[in-house]
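In what follows, a structure is listed as structure tokens, so that the remarks can point back to it.
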Amino acid sequence: MNEALDYQTFQEHAFAVVDAVMVEHLPAGLATEALVPKKLAASAHLMPTLIDLKRTPRARSDALFECMCELPPDARSLPPIALLLRASASATAITRHWNSMQLVEPRPGARLWLRLHDPRVLHQMLRVLSSAQRRKLFGPLQAFTYWVGGTWVWATREIDVFSTQNAGGDLSSPSAAWPMTWNWERIERIGLVNRALHSAGVVGPAAMTSQGVLAEQFIERAIKHGLVEQADLVEFATRGLLTNSRFDDHPAVTPAIRPSPDGDSCLSDRFALIPDYVWTELRQTKPMQGEL
């Protein structure tokens, strides 16, 4: 991990992936290709773009590097390019793989767009997936370098090894039915997890990993309490991250969790009625980071 991206490291990457809203902030003259699955052609304006750094003239890639060095002022923001790819494969192969990964149908009729170009999503995906599933995610790629939590993080494809800086993998070809074997319930909650981490002020790659585990567990417990609205699940997880692992057992908190019969209030409204001293007490008894 490194807060700054040096020029030599930048040159080791063959490709970059940029969000659609960031394209207009990039220097002109880059060799680009839209990453648009055929079934999402109607939403092409929302799809990310692949930059082929090897085909881009040196002067233009240098301009891109200078653009990337203008890091955002805080850890929650993203630079114009937040994801770099190391690969020896062709742009065609990378495009084919990326499109196959960002549009999946884990269940009949349930089509999902995975925003893998968002490093906050990628960071949690690398945490959630098994080593075999990470191998599928990497495909022909050798490594990701991405900006998350105020620093550049690298994840490489190595056999059966994974950490924030080291993601396992090989080049084995997965079954065509791979989407059916993944835990899509967890993957579909990544957005909720990241919203809770953001609301709780969690930054830094390591904290986003460890607290991501806790946020998932809080969301699961919120569901057991009968909460179903996304905003309520995020609120529950956020409060848990800010207080302690058993905050929902407090006699002043437990009654407020139950959804109202008429459904005219959200969890944040009900929690707002709890006296401040209760939340202060719960924060003061916050244990060390770890699983619930």
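Some observations on this one:
- All positions within segment 135-154 that are part of a strand (DSSP E or B) and under 11 Å from Pro205 (Cα atoms): Tyr146, Trp147, Val148, Thr151, Trp152, Val153, Trp154
- Inclusion of Ala132 among residues that are under 21 Å from Gln11 (Cα atoms) and part of a helix (DSSP H, G or I) is not warranted.
- Filter pass, Ala215 being out of contact with any helix residue (DSSP H, G or I) (no Cβ under 8 Å at 6 or more places or on another chain), within 25 Å of Ala82 (Cα to Cα) and of a type in the set (A, V, I, L, M, F, W, C): no
- One residue from Leu50, Leu85, Leu78, Leu64 being closer than 21 Å to Ala155 by Cα and either over 21 Å from the mean Cα position of the chain (by Cα) or modelled with pLDDT under 90 (or both): Leu78
- The single condition from (1) within 30 Å of Arg134 (Cα to Cα); (2) out of contact with any helix residue (DSSP H, G or I) (no Cβ under 7 Å at 6 or more places or on another chain); (3) free of Cβ contacts under 8 Å to residues at least 60 places away in the same chain; (4) exposed (fewer than 14 other Cβ atoms within 10 Å of the Cβ) that Asp264 fails is (1).
- Qualifying residue in segment 237-246 (condition: over 22 Å from Arg127 (Cα atoms) and loosely packed, with under 15 Cβ neighbours inside 10 Å): yes
- Screening segment 175-229 for helices (runs of 4 or more DSSP H) wholly inside it with 2 or more residues that are more than 27 Å from Ala110 (Cα to Cα) returns the ranges 190-199, 205-224.
- Criterion: in contact with a Lys or Arg (Cβ under 8 Å, 6 or more places away or on another chain), under 18 Å from Ile223 (Cα atoms) and at pLDDT below 95 - qualifying residue of Ser260, Ser245: Ser260
- Long-range neighbours under 9 Å by Cβ, at least six apart or interchain, first residue more than 24 Å from Ala34 (Cβ to Cβ) within segment 3-17, second in a loop (DSSP other than H, G, I, E, B) and at pLDDT below 95: Glu3/Leu71; Glu3/Gly150; Ala4/Leu71; Leu5/Leu71; Leu5/Pro79
For (1) surrounded by 15 or more Cβ atoms within 10 Å (Cβ to Cβ); (2) under 18 Å from the mean Cα position of the chain (by Cα), each residue gets a yes or a no:
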position	(1), (2)
Asn2	no, no
Thr9	yes, no
Ala14	yes, no
Met22	yes, yes
Pro57	no, no
Glu70	no, no
Ala89	yes, no
Leu103	yes, yes
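- Of all the listed residues (Asp232, Asp276), the sole one being acidic (Asp, Glu) and in contact with a helix residue (DSSP H, G or I) (Cβ under 7 Å, 6 or more places away or on another chain) is Asp232.
- Subset of segment 87-135 that is in contact with a Ser or Thr (Cβ under 9 Å, 6 or more places away or on another chain) and of a type in the set (Lys, Arg) - its residue that is nearest to Met22 (Cα to Cα): Arg127
- Among the residues of segment 133-172, those identified as small (Gly, Ala, Ser) and either modelled with pLDDT of 90 or more or surrounded by 20 or more Cβ atoms within 10 Å (Cβ to Cβ) (or both) are Gly139, Ala143, Gly149, Ala155, Ala167, Gly168, Gly169.
The values are calculated or read from the model by the stated rules, or taken from the named source; none is laboratory data. All figures in this text were calculated on a predicted structure; none of them were measured in a lab. Counting neighbours? That spans all protein chains shown, and the Cβs are built from the backbone with ideal geometry, glycine included.
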